[in-house]
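Reading through the structure tokens given below for one structure.
The values are calculated or read from the model by the stated rules, or taken from the named source; none is laboratory data. In this text the structure is predicted, and so the values were computed from the model without any measurement. Please note: Cβ atoms are built from the backbone with ideal geometry, for glycine as well, and neighbour counts cover all protein chains shown. Note: accessible area is taken over every heavy atom of the protein model, side chains too, but ligands, DNA and RNA are not part of it. Shrake-Rupley method; radii C 1.70, N 1.55, O 1.52, S 1.80 Å.
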Amino acid sequence: MKMLYTANGRYIRCCTAEGTRPVIIVCEKEYEVDVQEFMLWSILNWRILREEEIGSYYEKMARNTNVTIHRSWQDCVQRLLVRGLIVVGTGDTEYDALYDLLACRFIIPISAAWPLRVLSFLKFTFLEGFSWKITRRLFHVDTRSICEKKVIRLARQTPLSCAEIIKCIEMDIRRLKDGYDVLDKLYDCLLYTSDAVREYRCSREVITAVANLYLRQQIMIDTY
């Protein structure tokens, strides 16, 4: 059985009188995590990894930090899974595991206004001392395939799961007003399930497009 893991939700830094702490937001709910858990979530954010790869990344990160290790990374992974802060996909093949991992996840495009990107560039370059090689990525224009463009266009209109995007592309649905429109156009029969969508002709192409967008940090995934 193949298993693939990735992070779920998004990170914010919560500032309090006692200092700052990492908070993960999933389905608009805030979850506090300890240092070890945040290390693992960070490792899996914008990565899709096998279990042994998680361990390799974690051990390397732990060696380069002064974090006190008081439990195994495997225990941390299990706690993050239970809380829904990371997700796992399983299947007989790696593609099956990837489909299981992404099909029910909601796709959230990442976009930043041009003034914000300029301000971020100035902050990282002159205040935090990041090199030009790193900060110039803020101005990099991502080159997308035709399928990737369709995924982004649909995801920007209304919250959609990966399986729903597959069905939209299969049915050549290009415009969706809101959640009611999704229900009317995509759930018009009882045969709609993520397993049924797996058999659509465009399924593999869309899953690959979503995975590539995620690995290139163009989208986030979440659970609604």
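Quickly run through the range 66-89 and pick out the residues that are in contact with a Gly (Cβ under 9 Å, 6 or more places away or on another chain) and without any contact (Cβ under 8 Å) to a residue 60 or more places away in the chain.
Residues satisfying the conditions are 73, 74.
I need the full set of residues from the range 47-95 which are more than 19 Å from residue 210 (Cβ to Cβ) and of a type in the set (D, E, K, R), in order please.
51, 52, 53, 59, 60, 63, 71, 75, 79, 83, 92
For the range 52-75, give me each residue that is closer than 22 Å to residue 88 by Cα and not in a helix (DSSP H, G or I).
Within the range 52-75, 71, 72 meet the criteria.
Looking only at the range 52-73, which residues are open to solvent by 80 Å² or more (accessible area, probe 1.4 Å) and either over 25 Å from the mean Cα position of the chain (by Cα) or among the polar types (S, T, N, Q) (or both)?
Step one: filter the range 52-73 for residues open to solvent by 80 Å² or more (accessible area, probe 1.4 Å), giving 52, 57, 59-60, 63-64, 66, 68-70.
Passing the criteria: 63, 64, 66, 68, 69, 70.
Scan (1) at pLDDT below 80; (2) among the basic types (Lys, Arg); (3) part of a loop (DSSP other than H, G, I, E, B) for the single condition residue 185 breaks and write down its number.
(3)
So which pairs qualify, if the first residue must be in the range 202-224 and touching a residue at least 24 places away in the same chain (Cβ under 8 Å) and over 11 Å from residue 106 (Cα atoms), the second must be aromatic (Phe, Trp, Tyr) and open to solvent by less than 10 Å² (accessible area, probe 1.4 Å), the Cβ gap must be under 7 Å, and the two must be at least 6 apart or on different chains?
Within 7 Å, the pairs are 207/99.
Quick one: residue 83 ticks every box in (1) within 23 Å of residue 105 (Cβ to Cβ); (2) open to solvent by less than 40 Å² (accessible area, probe 1.4 Å) except a single one, so which number is it?
Result: residue 83 passes all but (2).
Considering 49, 40, which residue is surrounded by 15 or more Cβ atoms within 10 Å (Cβ to Cβ) and within 23 Å of residue 92 (Cβ to Cβ)?
Values: 40 fails: within 23 Å of residue 92 (Cβ to Cβ).
On inspection, the qualifying residue turns out to be 49.
Scan the range 97-113 for residues that are open to solvent by 40 Å² or more (accessible area, probe 1.4 Å) and either in a helix (DSSP H, G or I) or charged (D, E, K, R) (or both) and jot them down.
Matches in the range 97-113: 100 only.
Give the residue that is surrounded by the most Cβ atoms within 10 Å (Cβ to Cβ), with candidates limited to residues of the range 1-37 that are among the small types (Gly, Ala, Ser) and at positive phi. Walk me through how you get there before you give the answer.
The initial filter retains those residues of the range 1-37 that are among the small types (Gly, Ala, Ser), namely 7, 9, 17, 19.
So of that shortlist, the ones also at positive phi come out as 9, 19.
Numbers: 9: 25, 19: 7.
Among those residues, the one meeting the criterion is 9.
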